[in-house]
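Presented below is the structure to which this report refers.
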Amino acid sequence: MDEIEKKEYELAVLVKNEEDLAALASLVRQHNVDTAVELRPKRLTLAYEIKKQKEAVFAYGMFRAAPADAKNLEQDLQARGDVLRFMIMKASPVAAMPAIVTDGSAPARRRPRVGYPAPEVKPAAPKALSNEALEKKIEEILK
């Protein structure tokens, strides 16, 4: 395949133990991918049981592949019993993301959300008047 047709993808996977990562890495290489970053594992205690597992190993990495190869990899990951959960997503280019200036010269601003109305700004509650100020205000009104 031409390098032009290959796209960057992110792979996040949850497996039962670290030994499963070696088999997973060889499976990824079988699908004609260029591994840009090796999978970095981290052992986690799960918030809830997944396939009767209370602990798992989370691994994350990036790779380049043709869209058809990424789809085939996704189908093979679904068929594996040692993979608890996985997610493959197209990586967004970092250069296309807007830069936020935070050098102190101006506060960082978020882009407005498209399709949502702007939040209402409520006026500040009036200050409480003292008795003397209240009497003075009443006299002004009555004149």
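Some points to look at:
- Every residue from the range 28-58 that is surrounded by 17 or more Cβ atoms within 10 Å (Cβ to Cβ), of a type in the set (A, V, I, L, M, F, W, C) and more than 16 Å from ALA91 (Cα to Cα): VAL28, ALA56, VAL57, PHE58
- Filter pass, ARG85 being part of a strand (DSSP E or B), loosely packed, with under 11 Cβ neighbours inside 10 Å and in contact (Cβ under 8 Å) with a residue 24 or more places away in the chain: no
- Hey, ALA36 modelled with pLDDT under 85 and of a type outside the set (S, T, N, Q) or not: yes
- Hits in the range 39-52 - residues which are closer than 14 Å to ASP20 by Cα and at pLDDT 85 or above: PRO41, LYS42, ARG43
Results for (1) out of contact with any Asp or Glu (no Cβ under 7 Å at 6 or more places or on another chain); (2) under 30 Å from PRO67 (Cα atoms); (3) modelled with pLDDT under 60; (4) surrounded by 10 or more Cβ atoms within 10 Å (Cβ to Cβ), shown as yes or no for each residue.
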site: ALA95; (1), (2), (3), (4): yes, yes, yes, no
site: PRO98; (1), (2), (3), (4): yes, yes, yes, no
site: GLY115; (1), (2), (3), (4): yes, no, no, no
site: LYS122; (1), (2), (3), (4): yes, no, no, no
site: ALA125; (1), (2), (3), (4): yes, no, no, no
site: ALA128; (1), (2), (3), (4): yes, no, no, no
site: LEU134; (1), (2), (3), (4): yes, no, no, yes
site: LYS137; (1), (2), (3), (4): yes, no, no, yes
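The values are calculated or read from the model by the stated rules, or taken from the named source; none is laboratory data. Nothing here was measured: the structure is a model prediction, and the numbers come from that model. Here the Cβ is made from the backbone with ideal geometry for all residues, glycine too, and neighbour counts use every protein chain on show.
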